[in-house]
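This report concerns only the one structure given below.
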Amino acid sequence: MIIKGKKLSPLAISLFLIWIASPIIEGKKWKTLTIAGFQPLSGSTVSYIGKITLPAGQLAIKDINARPDILPDYNLTMEFWNTEYKSWVATKSFIDAINNPPIKIATFGPLTTVGSRPVASLTKYWNLVTVTSGVSSAALINRDIYPYFFTTETTDVTLNPIRIAMLRRFNWTRIATIHHISELQEIVSNKLNVYD
């Protein structure tokens, strides 16, 4: 930091920052942390799930704020965007959320793979954790591409050990899969070969 041609030491900068923050520390003022929420609230038959997930997210935030042992001195809030079950709307909503205050610390949703893939591919550039409740796509569990993406849903690949156990139980040594060509189904089928 330079003030009128003089370079300040790290100690001076630290003391200055403490002085600025002291009213917040002494007064125990609440600092607001904001999560960006992306749910399909219209435009699709999936919107009924978004309308259920929205109050669940709000209830979780209410419960977190009510507990003094979780995020003390902070107030967690969530701003929601309607993704309309469209990937381009989810992407635009994410860009709007990032470009407008307040600063977002994480994302909740999008609810489906359609919206989650583009958003999860962008959140890594802002180091934002993305938590969703309805995505089972095996493509999104690749930590190299989606390092901050987490889902509460069981992914299709995690069911492979169960499939393998069933095959072994019946002593089946050769299988074939019939599926439509999609990245999700290709990943699940290819992961079955790992268990040879």
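Here are a few things to note about the model shown:
- Residue list for region 26-50, filter: in a loop (DSSP other than H, G, I, E, B), surrounded by fewer than 16 Cβ atoms within 10 Å (Cβ to Cβ) and at pLDDT below 85: Lys28, Lys29, Trp30, Gly43, Thr45
- Among the residues listed as Thr107, Thr112, the single one being buried (at least 23 other Cβ atoms within 10 Å of the Cβ), farther than 16 Å from Leu128 by Cβ and polar (S, T, N, Q): Thr112
- The lone exception for Glu84 - which of (1) in a helix (DSSP H, G or I); (2) on the phi > 0 side of the Ramachandran plot it fails: (1)
- Selection status of Asp69, at positive phi, exposed (fewer than 14 other Cβ atoms within 10 Å of the Cβ) and of a type in the set (Asp, Glu): no
- Qualifying position, being over 17 Å from Gly57 (Cβ atoms), in contact (Cβ under 8 Å) with a residue 40 or more places away in the chain and among the polar types (S, T, N, Q), among Thr107, Thr113: Thr113
- Looking only at residues of region 87-96 that are in contact with a Pro (Cβ under 8 Å, 6 or more places away or on another chain) and not aromatic (Phe, Trp, Tyr), we find that the one that is farthest from Ser47 (Cα to Cα) is Thr91.
- Residue within region 93-110 that is under 13 Å from Tyr146 (Cβ atoms) and assigned to a strand (DSSP E or B) present: yes
- Glu79 vs. criteria more than 15 Å from the chain's Cα centre (by Cα), over 22 Å from Asp144 (Cα atoms) and not aliphatic (A, V, I, L, M): no
The values are calculated or read from the model by the stated rules, or taken from the named source; none is laboratory data. Since the model is a prediction, treat every value here as computed from it, not as a measurement. Note that each Cβ is placed from the backbone with ideal geometry, even for glycine, and that neighbours are counted across all protein chains shown.
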